[in-house]
Structures are given as structure tokens and as C-alpha cells.
């Protein structure tokens, strides 16, 4: 039975020796690269776990309070609607009430999908919600198109049905076309002997990487073939392991293939230092690319929508508790104030005094 407990799930084991000085320079480089990738992978996995946990807490702790605020603001809009026709309010005051209803209802419809307020919005607004939303979308598309044209030099036209995925697809297509055009221009130029030699070297390296992936897959397929295993428990384990190997190979995930190979070697009490120097050289080239991809993924997170969410709600367990506590307390304060405002606005005299001081920003 394979000793699965000896392997840390998801991580590639390193080449070990009783005395580290016995490791060759290439083996030490391999270990360092594996260590770097393992740490990056752990960082990304742990961050995603924290994000998932925070998103679950938002649904459980924050969203109910937000929905209470939404319900309270809907009551406020309906209260203002009832107040509008009262004869004691002057035209200037009714104009302010109408603007409050329009502003509050539009926000509730747009941000929280409270469609029951569309009728009230349209009752007081010069422009219907549908027309206002369409106009806002058109302005947003124009701003996006101008930015893409002036900043990135891309000629992209968006329509009302365009999604973020459509935008990304068009951008990638135009970037690809631009790169191909650039490559075409470069290939038209006469290349120096140095450039040709560099291209041949890169081509050979890519072929070596591809061979290394195929080699690892082939070796694992031989070692893990379940039909050759008589022990039932070991056969089941090999079947599951082979599924992982095939999936990794189809996804061109060399790091996962390597992890599975070394995991199998460890489980079979085979020494990892048996890897040849030629294999290690191939592996290092691929692992360098793997490390770069992970570093890029880590860096790009800082510019993703999840980054703002992470800053707002995530961190260490203690930091997360503090952030959620602050968010809950702020929402509860808003709820208390909103309930007080609704109660006060039931009094026409109070509402008149409020309207007198109220100014739209």
C-alpha cells in the first residue's frame, strides 16, 4: 500500500541527502526552484481559501444587514411618496421630495435590483429608469472605447449586449493581431547569424521541454498501470493516480506531472537523487517558466476585483475578525439612524425642517 501520508499534498518533494554537501550544484538549484514554486503555490492556495472564507462570512454576517438597510430605504421612498401630496408642503419642498425619491429609488434599483421602485422612480423623474439606465450604459461604453483607443491604441466597438468576456476577447484578438504584424515585419528583415542561432536554441529548448513532459507522462503511465497490480488497494490508488497524471498531461501542467512522479518515487521508497543530470536540466528550464507564471499570477491579483475585497475583509484571522466587526458596527449604526429618520419623517414638521436644510451635492 503506498505511503501517502509521507507526501504533503500538492507540493513537490525535494531531493534529499544525509549531508546537503553531497548534493550536486544542479540538485541544489532544483531544490531551490522547487522550494520557490511550492511557496508560491501555497501562497495562492491559502489566499484563495481566505477569500472563500471571507465571501462566506459576508453572505452570513454582512449581507443580512445590507438587506435590512435596503428594506429600510424602500420604506423611506414610500414614505416620501405619501408625503409628496400633502397640502402643507410648498412647491419647492415637493420638488426636493421628488428629487430624493428619484435619487434613492434609482440607486436601489441599480445596485440592489429593487424593481418594485421603477414605477415610483418614473413617477417623479423626467427620464424613465429604462432610458436613464440605457444612457448610463452608453456613456460607460463611450468612456471605455475612448480609453482603449487613446491609451492602448485599440479600435474596439461595444454594444449593449457586450460583456466583460466579450471585451477581453476583442482586446486579446487585437493584441494578437498586433503581435503577428510585428513578427511579420521582423521576419521580413534579414536576420543576423546571432539571431538565427538564438532562434534555433529556443526551438531546441522547447522541443526538450516537450520531450521531458512526454517522458514523465510515459514513465508514470508504465509505473501506474493498474492492470499490472494484484493488490486491490494498490490498484485503486494507481487508478486514481493515473487519472491525475492524464489530466495534468492534457492541461500541459508539467509541475503537477513532476510532483506526481516524485510522489510515486517517494511512495515506492525510490531515491529522488536517482534523477539524471539531463533530466534535472530539462526540469529546471520548465520550472523556471512555472515560477514566472506563478509570480505573474500573484502580481496580477493586485489589479483584480478580488484585491479590493481582500483589503476590505481579509487578512490574518485576527485582522479578518476586526474588519468584519468594523463593517458590522458601521452597518448597524446606519440601520439605527435610518430607523430614526423614518420615524422622524412621519412628522411633517420634522420633514419640512429637514427639507429646508437639505442640499443636493
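Every read-out reported here was derived from the displayed coordinates using simple, explicitly stated rules and does not represent laboratory data. Predicted model only: the values in this text are computed from it and were never measured. Note that each Cβ is placed from the backbone with ideal geometry, even for glycine, and that neighbours are counted across all protein chains shown.
Please arrange 256, 60 by how many other C-beta atoms lie within 10 Å of their C-beta, fewest to most. Spell out each step's value before the answer.
Numbers: 256 18, 60 10.
Fewest-to-most Cβ neighbours within 10 Å comes out as 60, 256.
For 293, 85, what ranking results if the residue with the fewest other Cβ atoms within 10 Å of its Cβ goes first?
Ascending Cβ contact count within 10 Å gives the list 85, 293.
Across 10 Å bins from the origin, how do the percents of Cα pairs in segment 41-139 run, short distances first?
Over segment 41-139, the share of Cα pairs per 10 Å bin runs 14, 33, 23, 17, 9, 4, 1 percent.
Taking 0.36 nm per residue of separation and subtracting the Cα-Cα distance, what length does fully extending residue 58 through residue 339 add?
Gain on extension, residue 58 to residue 339, equals 98.9 nm.
Among 350, 299, rank each residue by its count of other Cβ atoms within 10 Å, from fewest to most, as a rough exposure measure.
Fewest-to-most Cβ neighbours within 10 Å comes out as 299, 350.
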